[in-house]
Protein chains: 4
Amino acid sequence: MDIVNVGVIGLGRLGMAHTEKLVTIISDVNVKAVCALDIEQLDYAAKTFSVDTYTDYKKMIDQSGIDAVIIVSPTGFHPEMTRYALEAGKHVFCEKPLGLELDEVKEMAESIKEHDDLVFQLGFMRRFDQSYLRAKEIIDNKGIGEVIYIRAYGIDPISGLESFTKFATDNDSGGIFVDMCIHDIDLIRWYTQMEPTEVWSIGNNIAAPQLKEINEFETGVATLKFENNMIATLIGGRHAAHGNQVEMEIMGSNGWIRIAQEPKKDFLTLFTHNGIENNCLQSFAERFEQAFRDELNDFIQNVKNNEPSSISVDDGVRALLIAKACKESAEQNRLIKIN
Amino acid sequence: MDIVNVGVIGLGRLGMAHTEKLVTIISDVNVKAVCALDIEQLDYAAKTFSVDTYTDYKKMIDQSGIDAVIIVSPTGFHPEMTRYALEAGKHVFCEKPLGLELDEVKEMAESIKEHDDLVFQLGFMRRFDQSYLRAKEIIDNKGIGEVIYIRAYGIDPISGLESFTKFATDNDSGGIFVDMCIHDIDLIRWYTQMEPTEVWSIGNNIAAPQLKEINEFETGVATLKFENNMIATLIGGRHAAHGNQVEMEIMGSNGWIRIAQEPKKDFLTLFTHNGIENNCLQSFAERFEQAFRDELNDFIQNVKNNEPSSISVDDGVRALLIAKACKESAEQNRLIKIN
Amino acid sequence: MDIVNVGVIGLGRLGMAHTEKLVTIISDVNVKAVCALDIEQLDYAAKTFSVDTYTDYKKMIDQSGIDAVIIVSPTGFHPEMTRYALEAGKHVFCEKPLGLELDEVKEMAESIKEHDDLVFQLGFMRRFDQSYLRAKEIIDNKGIGEVIYIRAYGIDPISGLESFTKFATDNDSGGIFVDMCIHDIDLIRWYTQMEPTEVWSIGNNIAAPQLKEINEFETGVATLKFENNMIATLIGGRHAAHGNQVEMEIMGSNGWIRIAQEPKKDFLTLFTHNGIENNCLQSFAERFEQAFRDELNDFIQNVKNNEPSSISVDDGVRALLIAKACKESAEQNRLIKIN
Amino acid sequence: MDIVNVGVIGLGRLGMAHTEKLVTIISDVNVKAVCALDIEQLDYAAKTFSVDTYTDYKKMIDQSGIDAVIIVSPTGFHPEMTRYALEAGKHVFCEKPLGLELDEVKEMAESIKEHDDLVFQLGFMRRFDQSYLRAKEIIDNKGIGEVIYIRAYGIDPISGLESFTKFATDNDSGGIFVDMCIHDIDLIRWYTQMEPTEVWSIGNNIAAPQLKEINEFETGVATLKFENNMIATLIGGRHAAHGNQVEMEIMGSNGWIRIAQEPKKDFLTLFTHNGIENNCLQSFAERFEQAFRDELNDFIQNVKNNEPSSISVDDGVRALLIAKACKESAEQNRLIKIN
């Protein structure tokens, strides 16, 4: 295959960004079609990217002549869309998380394994970020000894709260652990090759009481115990005044790694009456520009070269199972064992 | 009282540092006597500070003509020494924590309340540190809104592990939560005026298996749930390669505070083939020089002016009770309710 | 014009990078041809980018059917190539500096003004960098008051010295001030709208005595006095152990701006026995990825929309004149007046 | 000598701070007397430190029974006071700079050399600062190779401008180079063991036009050329919005050192809608607390042990000569040779 023809399902902020990258930066790919329910989004995409538009994803899969599907729809639709696409013989790139319900996701995993001639890739894009990649290398080379403790923050800026509230009123976001912390769950498993055995979680809405009405926690904290008593704390939130704080700290027996302890936006530092000031990144899209690009590129090359993705569907199932255990623990306020 | 005559019990690293500060920097005080079991320590102190020396603390209290006692002995001795001193009519400054057993500590508290004509002050010195003080002011002024989550690190450098192991073999340190995290427990209560209701803790010895033999955890992580679902994570440890990391982060609904996210030792930055490098602080004594000084000064002025300490014995009892619950949770691997 | 057809002259590191960006990222452009003397470079470009190749730039301009030329050849060739292209009716993007000799450059400027129907754009790409752009905005809004002093570093890493030495043996680099500091000269003029009136410069080869043989200074420092006694210090060099340090500090009467005081490579911070470490950027290409992209995009859009570039040829002439005065001062060790 | 009896001349901000340190922190010293013209200052000192007070420094030297004098008067008085004290057989600690006029200072130096049985120490306190000391060690051990370039900032906060203006209206401060940059001149000579041969300086009053009336430059920039073409830039100023910026950068052929690139006040970092903020140090007294203490301690021990100071009077003469050349260059706008 010289050029991979793709169709994108979902044109929200991330779907639009993926489409733009595929059209303008990624090689060996041709975006033939996009699918969305929102007519304005479709019009914008048609005009900007010169692509065919669909409101019915099945039609797009069946009729647009594509080789692969990029699924960026709300999470609840991931399983059925993935299965439909695979059955139609299309390669699939699917945003994280795999889905919202474990049963559905396990069926989805079976379908993926049945179609092992097709590439399936899950959007754990942080694995492609230069800083996280360098951490992986350091850890694998025992550069910080054995891992003792990991702390992970996934906290969105206050400025994004309104649009999230709207989204989560109309859709099931999965909740703070499934929606936000799942990236870190994947990274911890990737870095340590270990599984958590028990979790206790707590959620609160001190900063955003309105989220209680839609069954969301603004802040969620999960404490995970691993096989060898290694420990991890996940902090998910939607209320950082300064910006988008996606931070990870890995404490080893012989050194620590911190990634993004301060999400500085650019190279400018201001010295004023307020002291020393640095602007911060406001969106994950800005923070992970390079990772999103390399991830999409990796998928297109995998399809082109008929190679399996390095991120397996089992990684996705496992991460969801852990995230759901975090959620359950917070809802029921009890220690949960993870099998 | 113009000059407060004091005696110091305990001449380990901290006892010696306190004595030196009292002799050289603190005003309105005269160190008349010191007490220790180690003859070398006593000789050094006698020569350096021109003080009388005792091996029996009761004799020192009864015979040396002092007004106040500074107790820097191993924690297990704090209750009996405090009670003996109070009954002899002496003001007492006592290092944290109050003691190791709750029963003893409660009796100690009763004794302190009976002698409310005497000053009793507990060594929660971080309350005197300029950075922690500024945080208190910001929080009280709602500078970061409502507190959502607090993370606290108390992690000693690897370089101190050998001497700690020796100490903890001969003495009961109280364990990682009672010995290290108790400072942060006090600060969290001070900042938020709230009490935790539940805790789950995990300990491990991945970095220092030898600590298992003396019933110590090298790393301990406690997750605390508070009345209003505010959450705190305490991380205590003894294995930081780079230095002494005593860090606290307070996430509010409208801003965050971080104290000491990087324990830089001085103002020097090195640019070399390794990139950019900063040396780190290696000891809490170095980090908290100013706090230790202001704390001792505060005690001497309290005695001189016959004013009660701002840190009550109940703060000490409550912090110990919480630290013990953390310990129990880690030992029994279960959620513990705190009353 | 829907698609701008371009040819690139020069396929060194920067020429190759420009070509790649034009092929993969920049919209509305088609790279039809490239020109170089090195056959390996031409082969690589032909294979990678599917472009026609030339060894004679005049032939490429005359025969390849392009609308615009991107000149990335050694500086000495800029004037004649620009003039030839303009006379052939082609738009020109030319790397900084305009040229090496003021006479040639003035003739070049005349030619550019005669062909004011064609777009001419000079590669002062830092004007497109997000941090420098934000500084411009702050300065224009009087966010730091009046400018008092500016310090500018343009210092390459040690790792690049060998390849520079080879290049400067075969070509006239223009010297440290013309080659390196010219960016900062342009930025200072852009930020302050002021002209220097006098300069004193000093050069040395303490770190790289071998550069003396090819009449280069490894380090050059120029002190510039401006109309209103505003002052600037330019530091150019080729011997930073840690990486590529392109830094600027602008002191205003009511605040300061620093850009890139530490050229951190990514978001990863390492805590080890060495203290706290950050890796640094090693190349200007890495540092200015975004600026190079936006600059090329700006040129293509200018051509497409038939709009003049915001960077005038006079900016280029003026910057060269100042850089040459810096050079002359260092060579003759005397104060030089600038008209 | 067991206890060194001292008298302090001058009770401005620094004189008072020195007195307080001598009374409260420094060992082996007894402050017997202080001398000032301001009655309020004298009253305050008498009450706070229990010392005898004088308005005539000669009387204090002759009658108060002191062994040593601490001279913290305006610079113009340093030479005569030093000579009077030495002739009266007193050891002398004298604040920098030695004086304002080279002739006077050379006579002063002769007098000091004639009285080589008495300790004379000059207040170049930065040599005692931990960060500058560590830099000295690194440089001496060739940790950054050969020194290529040094940049030194001595810039006071805006908040100090009013009191400086008042002071400099009543007294001759010596000007920005003699008053502020002389510390850095000393440090550069100390680090490199080299002498400057030529200087060009520029001054301006863009930020504080009122200083022109009292013949002061608000900002002064001096560029120094050294024997081996090593280069230094000195920037003195009185108008930093954020705080007290005393910074030094030493570029070596194999690494760089930066001291105090950001004068952070404490360990607290604030994350708010403004981004990331750090408070800054506002006074040199706060910044150099440790250096001032160690310097005074060093002097008292030198007197006690009858040992010469490590900072020679010739260091002071040389630094003044260089600072005066900087001043002359700025006033006459010409290159000045330094012999």
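The values are calculated or read from the model by the stated rules, or taken from the named source; none is laboratory data. It should be emphasised that the depicted structure is a prediction, and the values quoted were computed from it without experimental measurement. In this analysis, Cβ positions are derived from the backbone assuming ideal geometry, glycine residues included, and neighbour counts consider all displayed protein chains.
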For this session: Could you list, in sequence order, all residues of segment A:113-130 that are within 14 Å of chain C (Cβ to nearest Cβ) and either buried (at least 22 other Cβ atoms within 10 Å of the Cβ) or touching a Ser or Thr at 6+ places or on another chain (Cβ under 8 Å) (or both)?
Result: A:R126, A:D129
Problem set entry | Candidates B:Q282, B:Q332 - the one that is surrounded by fewer than 23 Cβ atoms within 10 Å (Cβ to Cβ), in the same structural domain as B:V199 (by the TED database) and over 30 Å from C:H242 (Cβ atoms) | B:Q332
For this session: Consider A:K136 carefully, then state whether it is free of Cβ contacts under 8 Å to residues at least 12 places away in the same chain and among the charged types (D, E, K, R).
Result: no
Exercise. Which of the residues belonging to segment A:42-70 are buried (at least 22 other Cβ atoms within 10 Å of the Cβ) and of a type in the set (A, V, I, L, M)?
Worked result: A:A45, A:V51, A:M60, A:I61, A:I66, A:A68, A:V69, A:I70
Exercise. Do we find a residue being β-branched (V, I, T) and part of a strand (DSSP E or B) anywhere in segment A:172-180?
Worked result: no
For this session: Would you check if B:F267 is within 14 Å of chain A (Cβ to nearest Cβ), hydrophobic (A, V, I, L, M, F, W, C) and in contact with a strand residue (DSSP E or B) (Cβ under 6 Å, 6 or more places away or on another chain)?
Result: yes
For this session: Output the residue which, of all residues in segment A:270-286 that are touching a strand residue (DSSP E or B) at 6+ places or on another chain (Cβ under 6 Å) and either more than 14 Å from chain B (Cβ to nearest Cβ) or among the charged types (D, E, K, R) (or both), is nearest to A:S131 (Cα to Cα).
Result: A:Q282
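Are any of the residues in segment B:328-336 of a type in the set (K, R) and outside any helix (DSSP H, G or I)?
Within segment B:328-336 (the criterion being of a type in the set (K, R) and outside any helix (DSSP H, G or I)), the answer is yes, since at least one residue qualifies.
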Exercise. List pairs: first in segment C:177-200 and more than 19 Å from C:E101 (Cβ to Cβ) and at pLDDT 95 or above, second charged (D, E, K, R) and in a loop (DSSP other than H, G, I, E, B), Cβ under 9 Å, 6+ apart or cross-chain?
Worked result: C:H183/C:K96; C:R189/C:E195; C:M194/C:E227; C:E195/C:E227; C:P196/C:E227; C:T197/C:E227; C:W200/C:R334
Exercise. Within the group B:A260, B:A330, which residue is within 30 Å of A:P263 (Cα to Cα) and touching a residue at least 60 places away in the same chain (Cβ under 8 Å)?
Worked result: B:A260
Exercise. Name the pairs: first residue in segment B:221-232 and at the interface with chain A (Cβ under 7 Å from one of its Cβ atoms), second residue in a strand (DSSP E or B) and aliphatic (A, V, I, L, M), Cβ to Cβ under 6 Å, at least 6 apart or on different chains?
Worked result: B:V221/A:I231; B:V221/B:I202; B:V221/B:I235; B:K225/A:I202; B:M230/B:V147; B:I231/A:I202; B:I231/A:V221
Problem set entry | Considering residues of segment C:135-157 that are under 19 Å from the mean Cα position of the chain (by Cα) and among the charged types (D, E, K, R) only, the residue surrounded by the most Cβ atoms within 10 Å (Cβ to Cβ) | C:D156
For this session: Look at segment B:209-226 and say how many of its residues are at negative phi and out of contact with any strand residue (DSSP E or B) (no Cβ under 6 Å at 6 or more places or on another chain).
Result: 7
Seminar exercise, completed: Of D:E110, D:E104, the only residue that is surrounded by fewer than 16 Cβ atoms within 10 Å (Cβ to Cβ) and charged (D, E, K, R) is D:E110
Exercise. Which residue, of D:A207, D:A168, is surrounded by 24 or more Cβ atoms within 10 Å (Cβ to Cβ) and over 15 Å from the mean Cα position of the chain (by Cα)?
Worked result: D:A207
Exercise. Is it the case that A:A135 is in a helix (DSSP H, G or I) and in the same structural domain as A:Y191 (by the TED database)?
Worked result: yes
For this session: Scan segment A:140-154 and give yes if some residue there is outside any strand (DSSP E or B), away from chain B (no Cβ under 13 Å) and over 30 Å from B:E331 (Cα atoms), otherwise no.
Result: yes
For this session: Looking only at segment A:300-310, decide whether some residue is closer than 29 Å to B:M248 by Cα and surrounded by fewer than 23 Cβ atoms within 10 Å (Cβ to Cβ).
Result: no
For this session: Residue by residue through segment C:201-213, note down the ones that are in contact with a Ser or Thr (Cβ under 7 Å, 6 or more places away or on another chain), without any contact (Cβ under 8 Å) to a residue 60 or more places away in the chain and among the small types (G, A, S).
Result: C:A207
Exercise. Does segment B:233-261 hold any residues that are surrounded by 22 or more Cβ atoms within 10 Å (Cβ to Cβ), part of a loop (DSSP other than H, G, I, E, B) and within 11 Å of chain A (Cβ to nearest Cβ), and which are they?
Worked result: B:A241, B:H242, B:G243
Exercise. When you go through (1) more than 15 Å from A:I158 (Cβ to Cβ); (2) assigned to a strand (DSSP E or B) one by one for A:E213, which number turns out not to apply?
Worked result: (2)
For this session: Look through segment B:14-53, keep the residues that are under 25 Å from the mean Cα position of the chain (by Cα) and among the basic types (K, R), and return whichever of them is nearest to B:M1 (Cα to Cα).
Result: B:K32
Exercise. Out of all the residues in segment D:163-171, is one or more among the hydroxyl-bearing types (S, T, Y), assigned by the TED database to the domain that holds D:S329 and in contact (Cβ under 8 Å) with a residue 12 or more places away in the chain?
Worked result: yes
Exercise. Within segment C:94-102, is there a residue that is in contact with a Phe, Trp or Tyr (Cβ under 9 Å, 6 or more places away or on another chain), closer than 25 Å to C:E286 by Cα and of a type in the set (A, V, I, L, M, F, W, C)?
Worked result: yes
